[in-house]
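Structure record follows, encoded as structure tokens.
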Amino acid sequence: MRMLRQLWLPVLLVLYVFLALSTTVGEHGLLHLRKLHQEQRSLETEAVTLLRENEEMRERIARLQKDDEFFEKVVREELKFVKKGELVYLFRSPPESPEQEEEKRGKNGPN
């Protein structure tokens, strides 16, 4: 009985330390909560970006459907269409640096 009276305080302190550690670094602790908040902010930012891109695409679709001049411009630029009798100049791209060639080989495998 006397030993129990002497040990209750150290045992209680050890339990408090374990509780504090669990609350801080445990599976559902404060560090995990902080990480989840950061992830939430990141996902919210990505969602806002995607919503903005989505709205821009909707506006582009609407403009393509209604604005003939814009439609013609897009077709000519992106699909390389030309009017009859038009003369088109094509330019070669500049030569690639050795680093760019190595990157291509790394992605496409050895030549």
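Is at least one residue of the stretch 77-88 in a helix (DSSP H, G or I) and either out of contact with any Phe, Trp or Tyr (no Cβ under 7 Å at 6 or more places or on another chain) or of a type in the set (Ser, Thr, Tyr) (or both)?
Yes: one or more hits.
Which count do you get for residues in the stretch 1-48 that are within 29 Å of the chain's Cα centre (by Cα) and part of a helix (DSSP H, G or I)? Walk me through how you get there before you give the answer.
The first filter runs over the stretch 1-48 and keeps only residues within 29 Å of the chain's Cα centre (by Cα), leaving 24-48.
Okay, now just the ones that are also part of a helix (DSSP H, G or I), so 24-25, 30-48.
Final tally of qualifying residues: 21.
Just a yes or no: is a residue in the stretch 91-99 of a type in the set (S, T, N, Q) and outside any loop (DSSP other than H, G, I, E, B)?
no
As an exercise: evaluate THR45 against (1) surrounded by fewer than 10 Cβ atoms within 10 Å (Cβ to Cβ); (2) of a type in the set (S, T, N, Q); (3) modelled with pLDDT of 85 or more and give the number of the one condition it does not meet.
Of the numbered conditions (1) surrounded by fewer than 10 Cβ atoms within 10 Å (Cβ to Cβ); (2) of a type in the set (S, T, N, Q); (3) modelled with pLDDT of 85 or more, the odd one out for THR45 is (1).
The values are calculated or read from the model by the stated rules, or taken from the named source; none is laboratory data. A quick note: this is a predicted structure, and the numbers were derived from the prediction, not measured. Cβ: placed from backbone, ideal geometry, glycine included. Neighbour counts: every protein chain shown.
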